[in-house]
Amino acid sequence: MEEFRRKLKTKRMILTMFCMSGLCIYFALNWLTDGVPDFARGLIMGIFVGMEVAAVYYAVRLTVLLSSEEKLKEEYIKENDERNAAIQKETARTASVISLMLAALASVAAGFFQPVVSMTLAADILAGAIITVVVQAYYNKKM
């Protein structure tokens, strides 16, 4: 249980560091992208605000878990449950396949209208395939 507690404390520390550095990164990007259109600036701000809200939520959640031994035990059981792990694996596998297939369809459709978008989506598909192969090789070697 102590190892699990240490793991959660490390996650909370990383989330806290992200929250603190997120504002600095946002202002640095805002300063570096001075001539960028308002849409792009709004998109950047929306992404960072969303990431910050999620990080704060999970940091608070971890703090609550670490303050109560009973909640910590519940979370430990939930995280180490074999059924939940199997569901997570199947969900990740299915979601990645569906995402790659939709990106491929979008790439084909975009090719009729905007070749640059089509090539960008094709690059995304290639990156996803490379990441899948590398991660699979890693786990084949590890397990």
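The values are calculated or read from the model by the stated rules, or taken from the named source; none is laboratory data. As the structure is a computational prediction, the values presented were derived from the model and not from experiment. Every residue, glycine among them, receives a Cβ derived from its backbone with ideal geometry; neighbour counts consider all protein chains shown.
For Y26, the test of being without any contact (Cβ under 8 Å) to a residue 60 or more places away in the chain and closer than 22 Å to N80 by Cβ is failed. Residue under question is E74, and the condition is that it be part of a helix (DSSP H, G or I), more than 22 Å from L15 (Cβ to Cβ) and in the same structural domain as C19 (by TED's automatic domain parsing); does it hold? Spelling it out, it is not the case that E74 is part of a helix (DSSP H, G or I), more than 22 Å from L15 (Cβ to Cβ) and in the same structural domain as C19 (by TED's automatic domain parsing). Condition (residue is more than 29 Å from A127 (Cβ to Cβ) and in contact with a Lys or Arg (Cβ under 7 Å, 6 or more places away or on another chain)) applied to the range 40-60: is it met by at least one residue? Checked against the condition, which is being more than 29 Å from A127 (Cβ to Cβ) and in contact with a Lys or Arg (Cβ under 7 Å, 6 or more places away or on another chain), the range 40-60 yields at least one hit.
Considering A106, A86, A110, the condition of being in the same structural domain as T132 (by TED's automatic domain parsing), among the aliphatic types (A, V, I, L, M) and exposed (fewer than 13 other Cβ atoms within 10 Å of the Cβ) is satisfied by A86 alone.
List every residue pair whose Cβ atoms sit under 7 Å apart, with the two residues 6 or more apart in sequence or on different chains, where the first one lies in the range 1-21 and is assigned by TED's automatic domain parsing to the domain that holds E52 and the second, anywhere, is charged (D, E, K, R). Here the result reads C19/E52, each pair linking the range 1-21 to a residue that is charged (D, E, K, R). Within the range 113-143, the set of residues being surrounded by fewer than 10 Cβ atoms within 10 Å (Cβ to Cβ) and closer than 25 Å to E79 by Cβ comprises Y139, N140, K141, K142, M143.
Starting from residues that are among the polar types (S, T, N, Q) and part of a helix (DSSP H, G or I), keep the ones in the range 1-57 and report whichever is modelled with the highest pLDDT. Applying the filter and picking the extreme gives T10.
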